Ligand code: 13P
Ligand code: SF4
């Protein structure tokens, strides 16, 4: 039996649905039931009816699915696939900022551990962060863990006061303003599309800044024929399948998330067969982490 037949058969036996982020390997995106950005996938995870959710992504994604839908069995193809940025905030610092600014809202990027979420007021993703920050009544915003998304949102919401944290995504940080300028010189007619996890020096050169879904939608609707891509290159799979006539150029040399690339078809099949890679969490922590996620779904939709 082929690996695809095995996966399909196991999916039926386990009553499983497969969710995948745009950064995982092409062949994994190809077999998923739902592929999307973090916000879309969290909405799917909150409402999906199958008994089992197989999440092809990194740990915070599986954790968020479990927090939002505790009745489901959530499994991961590789439990080692983790987002380093998800750990880059300090609980002591959150407490200190709360002491200093009484009306502060702790705004937590969904790329964060469940524990960090429990100390936060609301979660955001790159596609809804600005909308949610603007909707908050608070004047002071402590944005964790990503400094760059925080700075981008702050640049679009000048009436709020932001406190930044020093977390970052190593994949997006490696896209330098010099390499974007160089690629632009080589392809002067191309539009620059950047994820807001990039530095401000990179987003300043972009024609469009948005989430992975935003980038794909923008390129699909644009009348331009060429694009410079400033995000992880897993998005090329969807970009090329939706736009076979258009050209896409990477802005940097190392736009690859090694954690997302840990997910393979073999691990998908194995996770469905073994059913041991389950996401588990103390109920007390789940309930506390659920509050900012539910608030995100409410304010972000
Ligand atoms: P989005 O898909 O929400 O744009 O997020 C990018 C990301 O880094 C996920 O890990
Ligand atoms: Fe984390 Fe960056 Fe990988 Fe996204 S691309 S999972 S933010 S390390």
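Read-outs throughout are calculated quantities, based only on the coordinates presented, and are distinct from any laboratory measurement. Bear in mind the structure is a predicted one, so any value in this text is a computation, not a measurement. So basically every Cβ, Gly included, is an ideal-geometry build from the backbone, and we count neighbours across all protein chains shown.
Select from segment 120-146 the residues that are closer than 22 Å to residue 197 by Cα, assigned to a loop (DSSP other than H, G, I, E, B) and more than 16 Å from ligand 1 (Cβ to nearest atom) and list them in ascending order.
120, 121, 136 - these are the residues of segment 120-146 that are closer than 22 Å to residue 197 by Cα, assigned to a loop (DSSP other than H, G, I, E, B) and more than 16 Å from ligand 1 (Cβ to nearest atom).
Filter segment 64-78 for residues that are within 16 Å of ligand 2 (Cβ to nearest atom) and closer than 21 Å to residue 301 by Cβ and give the result.
64, 65
Here is a yes/no grid of residues against (1) in a helix (DSSP H, G or I); (2) surrounded by fewer than 24 Cβ atoms within 10 Å (Cβ to Cβ):
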| site | (1), (2) |
| --- | --- |
| 55 | no, no |
| 63 | yes, no |
| 74 | no, no |
| 80 | no, yes |
| 102 | no, yes |
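I need the full set of residues from segment 219-258 which are in a helix (DSSP H, G or I), within 16 Å of ligand 1 (Cβ to nearest atom) and out of contact with any helix residue (DSSP H, G or I) (no Cβ under 7 Å at 6 or more places or on another chain), in order please.
Those that are in a helix (DSSP H, G or I), within 16 Å of ligand 1 (Cβ to nearest atom) and out of contact with any helix residue (DSSP H, G or I) (no Cβ under 7 Å at 6 or more places or on another chain): 233, 236.
Do any residues in segment 155-172 that are more than 28 Å from residue 254 (Cα to Cα) have Cβ atoms under 7 Å from those of residues that are more than 9 Å from ligand 2 (Cβ to nearest atom) and part of a loop (DSSP other than H, G, I, E, B), where the two are at least six apart or on different chains, and which pairs are they?
160/139; 161/139
Working only within segment 2-24, note down all residues that are in contact with a helix residue (DSSP H, G or I) (Cβ under 6 Å, 6 or more places away or on another chain) and either within 16 Å of ligand 2 (Cβ to nearest atom) or without any contact (Cβ under 8 Å) to a residue 40 or more places away in the chain (or both).
Within segment 2-24, 19, 20, 22, 23, 24 qualify.
Suppose we keep only residues that are part of a loop (DSSP other than H, G, I, E, B) and surrounded by 20 or more Cβ atoms within 10 Å (Cβ to Cβ) within segment 178-198. Which one would you say is nearest to ligand 2 (Cβ to nearest atom)?
Only one residue tops the list, namely 197.
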